[in-house]
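Structure first, commentary second.
Any read-out appearing in this document is the output of simple, stated calculations on the displayed coordinates, not a laboratory observation. This one's a predicted model, so the numbers in the text were calculated from it and none came from an experiment. For neighbour counting, all protein chains shown are included, and Cβ atoms are generated from backbone atoms with ideal geometry for every residue, glycine included.
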Amino acid sequence: MEVLKIATAGSVDDGKSTLIGRILYDTKSLTSDKLEAIEKTSKQKGYDYLDFSLATDGLVAEREQGITIDVAHIYFSTAKKSYIIADTPGHVEYTRNMVTGASTSQAAIILIDARKGVIEQTNRHFFINNLLRVKDVVVAINKMDLVDFSEERYNEIKADFSELMGKRDYQDQNITFIPVSALKGDNVVNRSENTNWYKGQTLLEHLEDLDMAAVSNIGTPRFPVQYVIRPKTEDFHDFRGFAGKVYGGELSVGDEVVALPSQTKSKIKEIYFYDKKYQTASRRSSVTITLEDEINVSRGDMLVKVGDLPSIDKQFTATISWMDSEKLKAGNKYMVQHGVNKVLAKVDAIHHKINPDYSGIDKEVSALGMNDIAEVSFKLNKPIFFDAFKKHRTNGSFILIDTKSNSTVGAGFILAP
Amino acid sequence: MKNTSHINPLENEAIYIFREVAAQFEKPVLLFSGGKDSITLVRLAQKAFWPAKIPFPLMHIDTGHNFPETIAFRDKLVKELGVELIVRNVQDAIDQGKVKEESGKYSSRNSLQTTTLLDAIEEFKFDACIGGARRDEEKARAKERIFSVRDDFGQWDEKNQRPELFDMLNGQIELGQNVRVFPISNWTELDVWSYIEKEEIEIPSIYFAHKRKIFLRDGLIWSHSDYVYQEDNEEVLERMVRFRTVGDMSCTAAVFSDAADIASVVQEIRDSSISERGARIDDKRSEAAMEKRKQQGYF
């Protein structure tokens, strides 16, 4: 079964939780006990409609404040696909949750309140999904029932949003506009009678038709070694298997590979998935590889095809999404976790910060605070093997770990060595 | 993989997580309850490390109120795997006066497991505890990370969780902290059952329809047993039932069912409209029941 991960973005009260609840309801994914709980609570609160947001707002604090404050995952499936929705908050303070949700998603839904149109936060929602190179974006223009399902209003918002699209860095992103009412159910799963002027697909029809290969980021094969398997049993006395996940492309038996950082060459001898041998390891499969030659490979090393080397360098420049209340400053030291590899890094320079409304950049910047997005150079204590993020989503990204608190304090997308 | 019929992204993700645990931690342990989710974890761990054995022990926090079928199954599985099994008993914590047995109509030992678990983590200095929780089970679980850091007191600070980006798992912790790891976070109940079917994984017999003495209370089907409090007017009936989830006898309700094999169980789950935790009596206590237990260190 194919699994499609979807990030959602919208401002407070744009109706994101309601939209997700509506999808669950109309695909009959809400179980009777959950539906019963929603009906009961909606009635208690005196609503004359079902409050679907109750299906997703999980934490006590959220119920008290009536807002979503952290990434929640919602699951449903159709005959065609399994879906995982990352429900990420649209609050201006919570950029980090949006970046997190988008990092594992192939598609995103950006919500716009039809009454309010494109607002400052819409810039941010779009910019982040573009920065993270989420392939498919649906702009759901919600609450159409409150603007009398006006085609004119829909076209106005579409035109405003298209202006943002001109500024985007990642031009290959597919963008689709859909007029919906999450509360009433128009064009979410079922086609609306109220928008006869709209000839496109409903939200679910669009997601159902997405080709998984087309929305995946395919690059060149990279195999970061996670773990070395040495059973030391009689049957497998000399077995040395390199366990890891294949990213970007495929690897096959007989492929000539280079181990990094040693730059030693060898050939792939066997590919195992559990106890069975295969000819080819496909993208994103967790396999165990053995090599023809006995070479020294350990966790954090990487196998790549001969003639297809990544950058091997002790410095790089990256776009950073800062996620911590302690500020990032030039000279600060962090642990960089690049895939499964960890190295110490020092902030060399902060070049510029992206303005919160994405109107431009600010070059006069000495420190980064929570939710800032900026271009930063790092120096490392040993080389890592990376690609630019735009070429390789996995091998071009990293996280920053605070060496004192051990927290994940930032995410980075490598621009160039 | 080519020449495989089926690539399962969830399976690949879980195997990746198991390997990260083995590489990033010194003393991991797999928490094994004998339920279908922890049995699925064991199969995934086998796949992650083959041809080597699973490189960490299994641990069962035994409430003493388990279904006998589960215990027999557990012992058989551990023998086949050739891995170490650690058992720690809730009864010991009760005898030592560390926890007080609940009494009354809804009494259960389920929440008492927390103390025994935390004691065992301290005793063995475990730094990673792998569990079979899934985000689709319950609303508070939906926000849980794959690597979820707990402090010295086993507490979950839901407002201060580490963001998890791409595939990168940050397992850096201080001495005294530990990480709860959930390799099948992204699986649904149906995903687990379909996997059990496809992989032909053996599971305890109580998951299949069988004749059992039961009684009805609050619309749920309770097992008639010495461990479960029963009022005089609650009539004992004998019916065909099965369990969708297997916890301790005092907190697991049955469903009426004729599904006697895995294929019919999968079909029943597909058709069913009551979520799995609907059959967990412990969650019915209040809207925020799970979140409260988690903050106290429950799995």
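Charged side chains reduced to their Cβ positions (Lys and Arg at +1, Asp and Glu at -1) give chain A a dipole of some 1200 debye around its Cα centre.
Averaged over the residues of B:184-192, the number of partner chain Cβ atoms lying within 10 Å of the residue Cβ comes to 3.
If the limit is 22 Å between Cα atoms, which of A:Lys16/A:Lys135; A:Lys81/B:Lys198; A:Lys80/B:Lys198; A:Lys135/A:Lys353; A:Lys135/A:Lys391 go over it?
On the way: A:Lys16/A:Lys135 20 Å; A:Lys81/B:Lys198 18 Å; A:Lys80/B:Lys198 18 Å; A:Lys135/A:Lys353 25 Å; A:Lys135/A:Lys391 13 Å.
A:Lys135/A:Lys353, as the Cα separations exceed 22 Å there.
A simple rule links phi to the HN-Hα coupling: the Karplus curve 6.51 cos²θ - 1.76 cosθ + 1.60 with θ = phi - 60°, which for the stretch A:204-221 gives 5, 4, 4, 5, 4, 7, 5, 7, 4, 5, 6, 9, 8, 8, 9, x, 9, x Hz, with x for Gly and Pro.
About the Cα centre, and with charges only on the beta carbon of Lys, Arg (+1) and Asp, Glu (-1), how big is the dipole of the protein assembly as shown? Nearest 20 debye, please. List each step's numbers first, then the result.
Values: 95 positive and 109 negative charges, 309 e Å.
Roughly 1480 debye for the protein assembly as shown.
Determine the shape class of the stretch A:2-215: with a ≥ b ≥ c the square roots of the Cα gyration tensor eigenvalues, call it rounded for a/c under 1.5, and otherwise prolate if a/b is greater than b/c, oblate otherwise. Rounded, because the longest to shortest axis ratio a/c is under 1.5.
About its Cα centre, what dipole magnitude does the stretch A:2-215 give when the only charges are +1 on Lys and Arg Cβ and -1 on Asp and Glu Cβ, stated in debye to the nearest 20?
Numbers: 25 positive and 33 negative charges, 58 e Å.
Using only the charged Cβ atoms, the result is roughly 280 debye.
Only one residue of A:Val189, A:Tyr75, A:Ala114 has its Cα farthest out toward the positive end of the dipole of the stretch A:2-215, where Lys and Arg carry +1 and Asp and Glu -1 on Cβ, and that residue is A:Tyr75. Counting other Cβ atoms within 10 Å as a rough exposure proxy, the listed residues B:Asp75, A:Asp87, B:Asp191 run B:Asp75, B:Asp191, A:Asp87 from fewest neighbours to most.
Using a Förster distance of 22 angstrom, determine the FRET efficiency expected from the C-beta separation of B:Ser205 and B:Glu80, and round it to 0.05. Could you put the intermediate results ahead of the total?
Values: r = 17 Å, r/R0 = 0.77.
Working from the Cβ atoms, E equals 0.85.
In the stretch A:233-277, which chymotrypsin sites (Phe, Trp or Tyr not before Pro) are in a loop and have at most 12 other Cβ atoms within 10 Å, using DSSP for the loop call? Provide the component values of the computation, followed by the final result.
Details: sites: A:Phe236, A:Phe239, A:Phe242, A:Tyr247, A:Tyr272, A:Phe273, A:Tyr274; in loops: A:Phe236, A:Phe239, A:Tyr274.
Passing sites in the stretch A:233-277 do not exist.
Label separation (B:Asp258 vs A:Lys346): 7.5 nm, computed from points 7 Å beyond Cα along the C-beta direction. Over all Cα atoms in the stretch B:206-281, the spread is summed up by Rg and Dmax: 12.2, 38 Å.
Mind checking which of B:Ile214, B:Asn66, B:Ile17 is farthest towards the positive end of chain B's charge dipole, using Cβ charges of +1 (Lys, Arg) and -1 (Asp, Glu) about the Cα centre? So the residue we want is B:Ile17.
Extending 7 Å from the Cα toward the beta-carbon at both B:Leu175 and A:Lys391 defines two label points whose distance is 4.5 nm. Using only the C-alpha atoms, the convex hull of chain A corresponds to 168 Å³ per residue.
Subtract the Cα-Cα distance of B:Ile71 and B:His224 from 0.36 nm times their separation in residues, and report this length gain in nm to one decimal. Can you show the working numbers first?
Numbers: separation 153, 0.36 × 153 = 55.08 nm, distance 1.85 nm.
Stretched out fully, the B:Ile71 to B:His224 stretch lengthens by 53.2 nm.
Mind checking A:404-411 for the average number of partner chain beta-carbons within 10 Å of each residue's beta-carbon? If you can, show how the numbers build up before the last one.
Values: counts 1, 2, 8, 7, 11, 3, 2, 4.
Average per residue, whole number: 5.
Positive end of the dipole of the stretch A:348-415 (Cβ unit charges, origin at the Cα centre): among A:Ile384, A:Ile401, A:Ala349, the Cα lying farthest that way belongs to A:Ile384.
Listed from fewest to most Cβ neighbours within 10 Å, the set B:Met168, A:Met323 follows the order B:Met168, A:Met323.
How would you rank A:Tyr334, A:Tyr83, A:Tyr49, going from fewest to most other Cβ atoms within 10 Å of each one's own Cβ?
Numbers: A:Tyr334 20, A:Tyr83 23, A:Tyr49 9.
Starting with the residue having the fewest Cβ neighbours, the order is A:Tyr49, A:Tyr334, A:Tyr83.
Working note: Debye formula, equal point scatterers on the alpha-carbon atoms of the protein assembly as shown, no solvent; log10 I(q)/I(0) at q = 0.05 Å⁻¹ is -0.25. Taking all Cα pairs closer than 8 Å and separated by 6 or more residues, the relative contact order of the stretch B:106-165 comes to 21 percent.
For the peptide B:8-20, the mean number of other protein chain Cβ atoms found within 10 angstrom of a residue's Cβ is 6. Distance between the 7 Å Cα→Cβ label points at A:Lys28 and B:Arg239: 2.4 nm.
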